[in-house]
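Okay, structure first, notes after.
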């Protein structure tokens, strides 16, 4: 049975919970449109304050997940996984609660509309009430919530998050946030009742309250330890992210709101707080753990860039979809793209652990269209080369070139770098063979003819050569007779006539199996007959324009369930708008080989599998859909012998 006041009244409303802001918004709009001015000014202020508080949490979330800035100052090195993101999905429930309580206060006390904009006495009164009332009240309430029934039925929800995050600050039960409303409200109400209240005081206190709550849950140490060396007394008046993280790992200590003074007075101060803080702060200049393998990705377009983990965590945790309400942010994304083009270097964007191996995703700061600009190719290759040399220097075992980073026209599929630096210790790989195997595995056995675009690429060549050996007629779209003939000569003599060069899409108007390795427009798709299935290995995926045809997804697999710290759909959003790319599988397989985790490995077009201690096991990668806490979409492909 659910404990009283443990569940949120609107937890089943989903996104419709935001309609609870409706009465406030309606009142503001009505006054603005039909009256000379907004009479109930605090309705407007409540909406603005809620937006401001949401922005504070969002900015802290972005900062804490910007790994290229914070990776060496992270307190707990684990990542936030999908399960935690699911649990914290409705972290902003408390904003609705506080808005409704504030609205009730405005209805009960209409005089609040007469508050001045500024009153300096109010800030000193506010600070006094916070220190003498709010801090001890929160401290003792927090201690009681760690005992027996209250912890089991209420506070354990907050502690279910193994890695703290700014959104964790808002992740708690309804009862806890009712008490927190009292903690916040006492200094504000007290100052107003004393006649010292002001609008700026309310804005300032609520914003500072949320700022310090997010700071404590950020999992990134931002307070230099030198501050406490020069001002030793300050450590009793300001907590740090390290201080609060100890509360989440050793729950019997560090209960305070913002001031460790009350833990010292209550004999609950963790004696390791300052030493751990100094260690993490001092080690921030040192490099962290070296990854075993690196996935070198790139951006696709401006829309997908807004689904990066450090932009919107919730969007990064689900498969890509276009969100209309993000379109106003496109000018900002465009400006960031220009800045990245001019100054940015390859950077870390995400990581996870799999059976003791650390996987990191690095991003070349370029978008898809830039790879097709002749004057930009040299700069792109320079960034890729720098990333490879850096990986080699720090001891990475494997680095995988994703999608356009291994473009044949750009760098020969990575051979440019390997030949230029023959002494590389890091393995430079790509997933073409495995990708081809997955695509070929889903082509029906009775197919007699296919139409292939991107036919002279490495993947296209491999697919064409394999299919012709199966006596499948391959219509290879290419304008280069020389490249076509070169591939044709590689086929067995009795199979060469199955490879046919075509130069126009019209040649495939009777072929119902298209394998797309080069992006095609809706107009080019129109040449396909009704009932055609489009297999694809093109990045980004083609538009599903034809309703009378079917479209395959990019080849993908699922990781094992014991993957740790994976909280974004990896290449899904920022890079390829699809579950997980096969090149990551190649990363894992080769790294495991280098670590002697596999007895042996065979990769071929006919059969791709990894044998783990003599048993065949398929690697799987997580794909997620939007929904409940168990939202998952299994779009993985069958693959194997």
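Just so it is clear, none of the values below were taken in a lab; they were calculated from the coordinates. Everything numeric here is computed off the predicted structure, so don't read it as measured data. All Cβ positions, even for glycine, are placed from backbone atoms using ideal geometry, and neighbour counts span all protein chains on display.
General observations
- Sequence-separation-based contact order of the stretch 14-283, relative, with Cα cut under 8 Å and 6+ spacing, percent: 23
- Within the chain, helix-based [θ] at 222 nm, where runs of 4 or more DSSP H residues each add -39,500 (n - 2.57), nearest 500: -11500 deg cm²/dmol
- Taking other C-beta atoms within 10 Å as the exposure proxy, 87, 73 rank 87, 73 from fewest upward.
- For 38, 463, order by how many other beta-carbon atoms lie within 10 Å, fewest first: 38, 463
- Angle between the chain longest axis and helix 432-441 axis [Cα atoms, degrees, rounded to 10]: 80
- The stretch 1-81: C-alpha gyration tensor shape, a/c 1.5 cut-off, then a/b vs b/c: oblate
- Two-site FRET efficiency, residue 385 against residue 338, from Cβ-Cβ distance with R₀ of 25 Å, rounded to 0.05: 0.65
- The chain: angle of helix 582-594 to the longest principal axis, Cα-based, in degrees nearest 10: 90
- In the chain, the longest principal axis of the Cα atoms and the axis of helix 174-193 are about 50 degrees apart.
- Considering only the chain, percent of DSSP beta bridges that pair antiparallel, nearest 5: 35
- Label-point separation in nm, residue 561 to residue 36, each point 7 Å along Cα→Cβ: 6.8
- Computed lengthening from residue 55 to residue 394, 0.36 nm per intervening residue step minus Cα-Cα distance: 118.3 nm
- The chain shape via C-alpha gyration tensor axes, a/c threshold 1.5: prolate
- Pairs of C-alpha atoms in the stretch 14-283 farther apart than 30 Å represent 33 percent of all such pairs.
- Placing a label point 7 Å from the Cα of residue 423 along the Cα-to-Cβ line, the residues of the stretch 379-394 whose backbone N sits under 20 Å from it are 385-394.
- Taking every C-alpha pair closer than 8 Å and separated by at least 6 residues, the mean separation divided by the residue count of the chain gives a relative contact order of 13 percent.
- The rule of thumb for compact globular proteins, 2.2 N^0.38 Å, goes into the C-alpha radius of gyration of the stretch 139-298 1.19 times.
- Taking the number of Cβ atoms within 10 Å of each Cβ as an exposure proxy, the fewest-first ranking of 65, 481, 435 is 481, 435, 65.
- Cα gyration tensor category, rounded, prolate or oblate, for the stretch 465-567 with a/c compared to 1.5: oblate
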